[in-house]
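Undergrad: Below you'll find the structure I mean.
The values are calculated or read from the model by the stated rules, or taken from the named source; none is laboratory data. Treat the numbers as computed from the prediction; the structure is a model and nothing was measured. Note that we place each Cβ from the backbone using ideal geometry, even for glycine, and neighbour counts take in every protein chain shown.
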Amino acid sequence: MTNASLQVVLTGHSRGLGGALARCLLAQGAAVLGIARRVQPGLAAAHGPRLVEVPLDLADPTAVQAWLATGALSNWLAGASRAVLVNSAGTVQPMRPIGGLGMGGGGTGRTRVDEPARAVALNLTTPLMLTDAFVAATADCADRRVAHVSSGAARNPYAGWSTYCATKAALDMHARAAQLDAVPRLRVASVAPGVIDTDMQADIRRTVPTDFPMQARFVTMKQDGMLADAADVSARLVAYMLSDAFGSDPTPDLRQLPG
């Protein structure tokens, strides 16, 4: 799969790994439809019409459904010969033991009864909605691919991360089941990219150990330079997404792939 005429739908393109993926894809000549709560004016100015941005709260399924109903996604994908959906947007919050997920973190006592529901919507419900709409819109596409950004937390449980672990594990299972659907000209994989130096990691380091007992481990990883650079990871992930190997394993770990 080459980057010629490549159209990529990318969620969470305004920050973190999603932002790095957007820059990498645009630098390689792809057209990107970026969907996030906030737009990136500098990115749009640098790449012009090859970047179309949609300001949308991806943690609100009603808003996502309303946007899909406008036909904007199918219109943007109309006539595409090569298309990729990257479900990159996500949140590690709420980071607390069960029984306290509806309370603000760090011992603040702030009530956030909607936080688990918004996390499930952002990490799981919206990716499944977008995947279904993307596959329907690309029925005539010669090569279409869906990449969920997964996590090691999908495969290993962590105290304080019950919501995050559950939603990422569900994405992995979605990729496995989608592969069994054997939809023509469609490849799906849920890819764990490793531990990346992003704002999410900063949030983790700010968590109190009573909410996330492994907090000290992530502080040490930052201090010891063990966090991967987002630009490096995005380059590897893009190369893998566009390779012939993509989709052969529904749940690969990027760190264990050749190259």
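Undergrad: With the structure loaded, tell me whether P250 is within 30 Å of R145 (Cβ to Cβ) and surrounded by 15 or more Cβ atoms within 10 Å (Cβ to Cβ) or whether it fails that test. Please lay out each step first, then the result.
TA: On the way: within 30 Å of R145 (Cβ to Cβ): yes; surrounded by 15 or more Cβ atoms within 10 Å (Cβ to Cβ): yes.
In short, yes.
Undergrad: How many of the residues making up the stretch 60-79 are among the small types (G, A, S) and part of a helix (DSSP H, G or I)?
TA: Going residue by residue through the stretch 60-79, those that are among the small types (G, A, S) are 63, 66, 69, 71-72, 74, 78-79.
Applying the additional criterion that residues be part of a helix (DSSP H, G or I) yields 63, 66, 69, 72, 74.
The number of residues fulfilling the criteria is 5.
Undergrad: Is there any pair with a first residue in the stretch 58-77 that is under 14 Å from Q7 (Cα atoms) and a second that is outside any helix (DSSP H, G or I) and of a type outside the set (A, V, I, L, M) whose Cβ atoms are under 7 Å apart and which are 6 or more apart or on different chains, and what are they?
TA: The qualifying pairs are L77/Q7; L77/T138.
Undergrad: Also: Which residues, counting only those in the stretch 15-39, are surrounded by fewer than 20 Cβ atoms within 10 Å (Cβ to Cβ) and in a loop (DSSP other than H, G, I, E, B)?
TA: Within the stretch 15-39, R15, Q28, G29, R37, R38, V39 qualify.
Residues checked against (1) surrounded by fewer than 20 Cβ atoms within 10 Å (Cβ to Cβ); (2) modelled with pLDDT of 95 or more; (3) among the aromatic types (F, W, Y):
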position: G90; (1), (2), (3): no, yes, no
position: G100; (1), (2), (3): yes, no, no
position: V149; (1), (2), (3): no, yes, no
position: T167; (1), (2), (3): no, yes, no
position: A177; (1), (2), (3): yes, yes, no
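Undergrad: Tell me whether the stretch 184-194 contains one or more residues that are farther than 30 Å from A142 by Cβ and surrounded by 15 or more Cβ atoms within 10 Å (Cβ to Cβ). I'd like the intermediate steps shown before the answer.
TA: First, pick out the residues of the stretch 184-194 that are farther than 30 Å from A142 by Cβ: 194.
Now drop any that are not surrounded by 15 or more Cβ atoms within 10 Å (Cβ to Cβ), which leaves 194.
Yes, there is a match, as at least one residue in the stretch 184-194 is farther than 30 Å from A142 by Cβ and surrounded by 15 or more Cβ atoms within 10 Å (Cβ to Cβ).
Undergrad: Somewhere in the stretch 102-112, is a residue among the small types (G, A, S), in a helix (DSSP H, G or I) and touching a residue at least 24 places away in the same chain (Cβ under 8 Å)? Give the derivation first.
TA: If we filter the stretch 102-112 for residues that are among the small types (G, A, S), which is where we start, we get 102, 104-107, 109.
With in a helix (DSSP H, G or I) added as a condition, the list becomes none.
Checking the stretch 102-112: not a single residue is among the small types (G, A, S), in a helix (DSSP H, G or I) and touching a residue at least 24 places away in the same chain (Cβ under 8 Å).
Undergrad: Please tell me if D132 is part of a helix (DSSP H, G or I), among the charged types (D, E, K, R) and surrounded by fewer than 17 Cβ atoms within 10 Å (Cβ to Cβ).
TA: Judged against the criteria, D132 is a match.
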